[in-house]
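Student: Mind having a look at this structure? Questions to follow.
Every number in this text was worked out from the coordinates using simple rules, so none of it is lab data. Quick caveat, the model's predicted, so the values are computed rather than measured. Positions of Cβ are generated from backbone atoms using ideal geometry, with glycine treated the same way; all protein chains shown enter the neighbour counts.
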Amino acid sequence: MEAATNIFSSSIYSWYEKHGRKDLPWRKNITPYSVWISEIMLQQTQVKTVIPFYERFMKKFPDLNAISDASEEEILALWTGLGFYRRAKNIFAAKEIVKKNFDNNFPSTFDELVSLPGIGKSTAGAILSIAYKKSFPILDANVKRVISRHDKVDVSEKKSDNKLWQLSDLYTPNKKIFEYTQGIMDVGATVCSIKKPTCIECPVSKTCKTAFEEIKVIRKSKKEKPQREIFFKLAHSNNKFLLFKKNSKSFWESLWVPYEDEGIKNDKIFKKPLKRNQQKFNHALSHLDLMITIEIFEYKKPFKISTNREHQWICRDEIKNYGLPKPIKHIIDNHV
DNA sequence: GACTCGTGGAA
DNA sequence: TTTCCAAGAGT
């Protein structure tokens with residue numbers, strides 16, 4: 001068993017040295033902080049999507065010192081369009097804890113890392129192995145796919161994650177941990193791809209229990225995604241936009257959106273506009289299909305409204321300093 | 001353990 | 001076109 005696991009891990013890290021994706025932006029100037037930011041951004045998000053967000057983020061906040069006094073709003077602003085906005089709020093909360101409890105030194109132990117909001121077992125493993133070169137396993141979607149195929153683990157079974165964590169732990173080597181961790185993710189992302197794995201190029205195909213097998217597509221039970229209608233009123237005047245900070249525990253929490261009609265009573269906080277028009281479109285979230293209606297009102301000048309919802313007239317040039325959902329940002333940029 | 005939480009790449 | 005799902009974590 002010992003020898004077999006050695007062959008697995010050494011095959012992976014040897015492969016990495018030849019074929020790894022070493023040009024990714026988070027694989028240059030590696031620090032615990034940079035690994036942390038990249039790992040959070042990469043949660044459930046494809047590499048290609050993350051790259052521009054990561055570069056923008058690191059340009060503004062290149063290190064822990066630079067981000068230590070940042071507001072949650074500044075961090076959310078850099079997250080606009082990336083999705084899963086809780087991650088940005090968690091980065092803010094985590095760096096506050098690092099400042100307060102760790103004297104602004106990034107933690108380097110597993111227990112300390114997983115105590116930070118947004119860092120779970122796999123992200124902690126990635127930070128420990130990539131930034132600190134400590135031998136810890138990860139289990140992201142790539143590793144899950146590589147190992148489940150290699151050892152023929154049925155991922156549709158309820159407790160398959162437990163077995164996969166055991167195997168990931170078993171294969172994780174003590175030496176070359178950096179190259180191994182990066183390597184197994186790269187194998188999963190490039191060679192052991194979802195639909196058409198190229199087993200001929202795989203470093204562990206000799207021991208893989210499903211190498212060169214046909215990938216059968218498993219149809220999951222298709223359950224209807226719930227639909228929800230939401231109605232916004234977007235007031236603007238002289239290139240300023242009246243936006244409200246969402247405080248619901250639902251989606252887009254803490255992001256800035258137009259006035260949301262609750263539909264209970266017909267709110268009359270908007271006076272008669274100079275012009276008005278309407279946009280209707282669908283927008284898919286991960287768990288909801290939104291049908292969005294935005295009424296757009298133009299006014300001669302900004303006006304005060306009476307509401308206890310947090311709100312602000314925000315200049316077009318200042319919008320970039322606020323966190324907005326993608327479709328709202330799009331409307332303001334392209335249709336007003 | 002099942003939901004919630006965004007957006008877009010890829011086929 | 002629709003469908004799947006991505007460097008997961010929190011509740």
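Student: Give the calculated FRET efficiency between residue A:170 and residue A:93 to the nearest 0.05, with a Förster radius of 30 Å applied to their Cβ-Cβ distance. Spell out each step's value before the answer.
Tutor: On the way: r = 34 Å, r/R0 = 1.12.
Efficiency, from the Cβ-Cβ distance: 0.35.
Student: Let me ask something else about it. Any aspartates and glutamates with Cα under 16 Å of the residue A:175 Cα? List them, leaving off those in the same chain fewer than 8 positions away.
Tutor: A:2, A:17
Student: How big is the range A:2-201 by Rg and Dmax over its Cα atoms, in Å?
Tutor: 17.0, 51
Student: Also: Which length gain, in nm to one decimal place, applies between residue A:286 and residue A:195 when the Cα-Cα distance is subtracted from 0.36 nm times their residue separation? Write out the running numbers ahead of the final one.
Tutor: On the way: separation 91, 0.36 × 91 = 32.76 nm, distance 2.15 nm.
Value of the extension gain: 30.6 nm.
Student: If you take the C-alpha gyration tensor of chain A, multiply each eigenvalue by 5 and take the square root, what semi-axes do you get, largest first, in whole Å? Walk me through the numbers before you get to the answer.
Tutor: Working: eigenvalues 393, 115, 54 Å².
Computed over chain A, the values are 44, 24, 16 Å.
Student: For chain A, what's the relative contact order in percent, using C-alpha pairs closer than 8 Å and at least 6 residues apart? All intermediate terms of the calculation are to be shown ahead of the outcome.
Tutor: On the way: 480 pairs, mean separation 60.0, N = 336.
This gives 18 percent for chain A.
Student: Now for a different question. In nm, what is the difference between 0.36 nm times the number of residues separating residue A:63 and residue A:305 and their Cα-Cα distance? Could the numbers behind the result be given before it?
Tutor: Working: separation 242, 0.36 × 242 = 87.12 nm, distance 4.04 nm.
Between residue A:63 and residue A:305, full extension yields an extra 83.1 nm.
Student: Computed over the Cα atoms, what is the radius of gyration of the range A:209-336 divided by 2.2 N^0.38 Å, N being its residue count? Could you put the intermediate results ahead of the total?
Tutor: Working: Rg = 19.1 Å, N = 128, 2.2 N^0.38 = 13.9 Å.
In units of the globular-protein estimate, the range A:209-336 measures up at 1.37.
Student: Modelled label-to-label distance, residue A:276 and residue A:262, 7 Å Cα→beta-carbon offset: nm?
Tutor: Between residue A:276 and residue A:262, the label points sit 2.1 nm apart.
Student: Starting from the Cα-Cα distance between residue A:86 and residue A:10, subtract it from 0.36 nm times their residue separation and give me the gain in nm to one decimal.
Tutor: Values: separation 76, 0.36 × 76 = 27.36 nm, distance 3.70 nm.
Full extension from residue A:86 to residue A:10 adds 23.7 nm.
Student: I've got another one for you. In what sequence do A:115, A:148 fall when counting other Cβ within 10 Å, fewest first?
Tutor: On the way: A:115 14, A:148 20.
Ranking A:115, A:148 by Cβ neighbours within 10 Å, fewest first, gives A:115, A:148.
Student: Going through the range A:226-289, which GluC sites (Glu not before Pro) have at most 15 other Cβ atoms within 10 Å and a DSSP loop state? List each step's numbers first, then the result.
Tutor: Values: sites: A:229, A:253, A:260, A:262; in loops: A:253, A:262.
Counting only loop positions with at most 15 other Cβ atoms within 10 Å, the GluC sites (Glu not before Pro) in the range A:226-289 are A:253, A:262.
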